[in-house]
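Okay, structure first, notes after.
Only the coordinates and a few stated rules stand behind these numbers; no lab work does. The structure presented is a predicted model; accordingly, all values stated were derived computationally and were not measured. Cβ: placed from backbone, ideal geometry, glycine included. Neighbour counts: every protein chain shown.
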Amino acid sequence: MELTHIEHLGIAVKSLEIAIPQWEKLLNTKCYNIEEVTEQKVRTAFFKIGATKIELLEATAEDSPVAKFLEKKGEGVHHIAFAAKGLQQNLDEAAEMGIQLIDKTPRKGAEGLNIAFLHPKSTGGVLTELCEL
Ligand code: CMX
């Protein structure tokens with residue numbers, strides 16, 4: 001696989017309204033984008049911090065993956081996202097290595113990026129996202 005850097009860290013929060021000002025204070029920077037990703041049943045808020053980003057995730061439905069996560073584990077780091085050169089090729093290589101793919105082909109994520117998730121059961125318990133550069 002060819003991963004270049006950490007594109008963002010996804011953090012599950014109960015409420016963006018509460019979390020955004022807290023993270024703006026912590027990072028000393030303003031949230032630059034709030035976006036709903038209907039397909040993923042989340043509302044997201046982004047912050048730039050150096051070469052990477054922080055993505056806050058709020059569930060928009062009871063059956064959202066983020067709602068399930070919050071119920072089981074509470075607020076906290078939900079996933080790590082790597083920038084990948086050639087997303088489909090990286091997915092094919094991951095599958096060849098025996099990594100379980102949640103998405104066998106790329107789909108559209110926040111900020112218009114093509115993304116795909118790898119199952120946490122095959123990535124050391126960390127939900128992992130690949131983002132096409
Ligand atoms: N990180 C680590 N482990 C996780 C996890 C996460 N974010 N989410 C679930 N798991 C673990 C659970 O703890 C559980 O482990 P155990 O079997 O040991 O209890 C196991 O995975 C199954 O979890 P579950 O609650 O039964 O949930 P599902 O199997 O229904 O779904 C997953 C889990 C990862 C397949 C699903 O959440 C998914 O498809 N995620 C990718 C999409 C996503 O998260 N979208 C939201 C973000 C979108 C964005 O960034 O734009």
So what are the three principal axis dimensions of the stretch 76-133 from its Cα atoms, in whole Å, longest to shortest?
31, 27, 15
Cα-based Debye curve of the stretch 51-105 sampled at q = 0.14, 0.19 Å⁻¹ gives log₁₀ I(q)/I(0) of -0.56, -0.88
Hey, got a sec? Which chymotrypsin sites (Phe, Trp or Tyr not before Pro) in the stretch 17-123 land in a DSSP loop and have at most 10 other Cβ atoms within 10 Å?
Tyr32
Estimated FRET transfer efficiency (Glu17, Glu96; beta-carbon r; R0 35 Å; 0.05)
0.20
DSSP H helices in the chain with Cα extent of 18 Å or more along the helix axis and mean Kyte-Doolittle hydropathy at least 0.0?
none
Using 1/(1 + (r/R0)^6) with R0 = 25 angstrom and r between the beta carbons of Ser122 and Asn28, what's the FRET efficiency to the nearest 0.05?
0.10
For a label point 7 Å along the Cα-to-beta-carbon line of Arg107, residues of the stretch 6-44 with backbone N under 17 Å:
36-44
So for the stretch 3-132, what are the equivalent ellipsoid semi-axes in whole Å, largest first, each being the square root of 5 times an eigenvalue of the Cα gyration tensor?
24, 17, 13
